[in-house]
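First comes the structure, then the notes that go with it.
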Amino acid sequence: MPPKLLSKRRNRDDDSSPARQKKGKRREPTYDTYDEALDGGVEMEEKGERYRDGEKAQRFYEKAAELYQKAMQFDETFDATYNLARVQYVLASSFLLPPSALDIYGSSIALYRQALGMTDSPLLQIDACYNIAQSCTGLADAMEDIEGERVADGVAELRDAARVFLERAAVMQESWIRSHASAPEGEEEAGAVADAASATTTEAIEAEAEPAEVAELAGPSDDMAVDSADSDDEGEAGGEGAGGRAVFEEHVPTPSALVDTLLALVDLHLTVLESTSSPASDAIAPVLALAAAHVAPGQQAALDLAEIAVLLAEDRVVWRMYRAEASAASGAARSVEGAARALDALLASLDVSPPDDASVRADILTTLADTHAAAAARVAFVARNEPEFILGAPSPAGQQAWAHAGAAVDALTRALALPAPGLPPLFKAHALSVLSAASLFRARLADMSSAAHANAAQLLDNAHTYAARAAAALGWTIDGARIEPGYPAGWDAEALGRSVVLQLARVGYYAAKVGGEDKGKGLVESLKGTGPRNLGRRDVERWLEDIEDDEGVVSAEERAHWDALVPAPVSPEAILNK
């Protein structure tokens, strides 16, 4: 789950903001001073936050960006620059679609870097470093989805830059916490041991080599060390922006904030591991160790989940490398079955020690579902490749795959029953999409499971229903054989929506194979065309790659179906050679 964006900067000593004026007749702002423009931007941004999504929210965010830009024309302060970068990130991640979103991501990164060079306050530098990492990660993910291998080098550079900035933020947070710690009498010795452990792991993080091109993107680092003598104990270090204006107090680092940063760093390492199959243990171990030195009881479950996620990610990499050699005797599902038991135990522990973050329970349940789904897919993949496999004959492997797939459905059903507050905006749509895929997988076990064979029609119907509900959760409207996308909500929502449409088409394809109705083919046809909402060949390729990663193989027959439904664009050379 992506970390929360740090809050906006305000002008502390200005009372001209309409939001801070006394009730009664208020003067309409003309935004002809720095203070009015900055405060006006804050007001517009807060209105956008209240609406959250949709056209009206986007208009408020765009107006906020205009006013922050105007404030920068009056006086190029850290506050105005930082706020403009922040709003641009929100627009790029939550409203705009490529290609314009990619340009705004790039502008946000440049502005955050500019803001970073405008302050000597380590607390403001922490904020800027953290947010630069978010923007770099968002841009890298979108580029990878849209362009694939063609931009692999640029994606790797952005993710390495994100790593550098998150590491700097973590090192500064940890240094601040240690320099401001005051242990009660009798706890000094224990505190010294913890400080020694955290200092060792901090040094391990700092010691990682930094490529020259990443160092250039990251900017100078000589002033990154936190010196407690430069700041007071009340958390108002660096209390003046450019031009001597007072600003609101900085975000004082806390152990929980440090752990959040470190967990974001672990997520980033896992993304790199999954996309490149490069070793991760050596880089992640000191990050987890530092988090363990500072974790609070309410964050322990999140840290435990991160440790399990590391093991699962490395296991997936090994499986993809050697699955062609797997046999029934090799126990292909044994490792993920052990992870599932660990996740069950972690889930049970939440009743004794509830997590601070409500989304942790949902994350554990969805990880548990993914783990059972992986076990089911491995068992089925190996069984179908065995020489003695008989199509349509029930088998112990079929029963095992059916049980794991059922456990995945159960975990997802429990996750969807959780209260919505505290869950990410796309959680419901994503969980329903995965639930649809799990139901389709169970139906396709009919060639080795009597239970699947007996319930195939109902399972296919369930798979269609879940995917249709996922589309509705995204605001996409199905009308017969057509689907109308909702208001743009950023690339993550758009990519999920396109995957849901392809899932509906896949369910229809398999329903037609057993004499049912293909309800999905027309939906894909309705999105083919031109423009930013077009469903194209790259969407299909990315989606099929995910299926192969999850299930092991996509049959030649099914690939031919997709090639016919969404053909690859014809190159100019091919046209000339006809």
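The values are calculated or read from the model by the stated rules, or taken from the named source; none is laboratory data. Please read all numbers here as calculations on a predicted model, not as lab measurements. All Cβ positions, even for glycine, are placed from backbone atoms using ideal geometry, and neighbour counts span all protein chains on display. To get the accessible areas, we keep the full protein, side chains included, count just its heavy atoms, and leave off ligands, DNA and RNA. Shrake-Rupley method; radii C 1.70, N 1.55, O 1.52, S 1.80 Å.
Counting the residues of the stretch 362-394 that are without any contact (Cβ under 8 Å) to a residue 60 or more places away in the chain and surrounded by fewer than 19 Cβ atoms within 10 Å (Cβ to Cβ) gives 9.
When you check A568 against the structure, is it at negative phi and in a helix (DSSP H, G or I), yes or no? Judged against the criteria, A568 is not a match. V409 meets all of the listed conditions (1) open to solvent by 60 Å² or more (accessible area, probe 1.4 Å); (2) modelled with pLDDT of 85 or more; (3) farther than 20 Å from V554 by Cβ but one, namely (1).
Entry remark, the stretch 546-562: residues being acidic (D, E), closer than 16 Å to A505 by Cα and under 26 Å from the mean Cα position of the chain (by Cα) number 1 in total.
Being modelled with pLDDT under 90, farther than 22 Å from L365 by Cα and assigned to a helix (DSSP H, G or I) holds for only one residue in V226, V252, V318, V287, and it is V318. Here R178 qualifies as over 25 Å from W543 (Cβ atoms), open to solvent by 30 Å² or more (accessible area, probe 1.4 Å), free of Cβ contacts under 8 Å to residues at least 60 places away in the same chain and charged (D, E, K, R). Restricting attention to the stretch 314-357 and to residues that are touching a Phe, Trp or Tyr at 6+ places or on another chain (Cβ under 9 Å) and not hydroxyl-bearing (S, T, Y), the residue that is farthest from A257 (Cα to Cα) turns out to be A326. When the stretch 46-102 is filtered for residues that are more than 22 Å from P425 (Cβ to Cβ) and acidic (D, E), the ones remaining, listed by number, are E66, D75, E76, D79.
Take the residues in the stretch 509-566 that are of a type in the set (S, T, Y) and either in contact with a Lys or Arg (Cβ under 8 Å, 6 or more places away or on another chain) or more than 18 Å from L460 (Cβ to Cβ) (or both); name whichever of them is surrounded by the most Cβ atoms within 10 Å (Cβ to Cβ). The selected residue is Y510. When each of A463, A481 is tested for being under 22 Å from H561 (Cα atoms), open to solvent by 40 Å² or more (accessible area, probe 1.4 Å) and of a type in the set (A, V, I, L, M, F, W, C), the lone residue that passes is A481. Among residues of the stretch 473-497 that are assigned to a strand (DSSP E or B), those with a beta-carbon under 9 Å from a residue that is of a type in the set (F, W, Y) and open to solvent by 10 Å² or more (accessible area, probe 1.4 Å) at least six positions away or on a different chain give the pairs I483/W476; E484/W476. Would you call L343 assigned to a helix (DSSP H, G or I), modelled with pLDDT of 95 or more, in contact with a Lys or Arg (Cβ under 8 Å, 6 or more places away or on another chain) and crowded, with 21+ Cβ neighbours inside 10 Å? When the stated conditions are applied, L343 does not pass them.
Of all residues in the stretch 430-448, those that are within 15 Å of L504 (Cβ to Cβ) have Cβ atoms under 7 Å from Cβ atoms of residues that are hydroxyl-bearing (S, T, Y), 6 or more apart or on another chain, in L432/Y466; S433/S499; L435/Y466; S436/Y466; S439/Y466; L440/Y510; A443/Y510.
Exactly one residue among T371, T271 is touching a Leu at 6+ places or on another chain (Cβ under 7 Å) and among the hydroxyl-bearing types (S, T, Y), and that residue is T371. When the criteria are applied in full, G486 fails the requirement of being closer than 30 Å to E388 by Cβ and surrounded by fewer than 21 Cβ atoms within 10 Å (Cβ to Cβ). Pairing each residue of the stretch 411-425 that is touching a residue at least 12 places away in the same chain (Cβ under 8 Å) with any residue that is polar (S, T, N, Q) and surrounded by 13 or more Cβ atoms within 10 Å (Cβ to Cβ), provided the two are 6+ apart or on different chains, yields C-beta distances under 6 Å for A415/T366; G422/S359; L423/S359. Comparison of A473, A468, A446 shows that the only residue that is open to solvent by 40 Å² or more (accessible area, probe 1.4 Å), small (G, A, S) and more than 15 Å from V409 (Cα to Cα) is A473. What about A183, is it at pLDDT below 90, aliphatic (A, V, I, L, M) and either part of a helix (DSSP H, G or I) or surrounded by fewer than 14 Cβ atoms within 10 Å (Cβ to Cβ) (or both)? Here the answer is yes, as A183 does meet what is asked.
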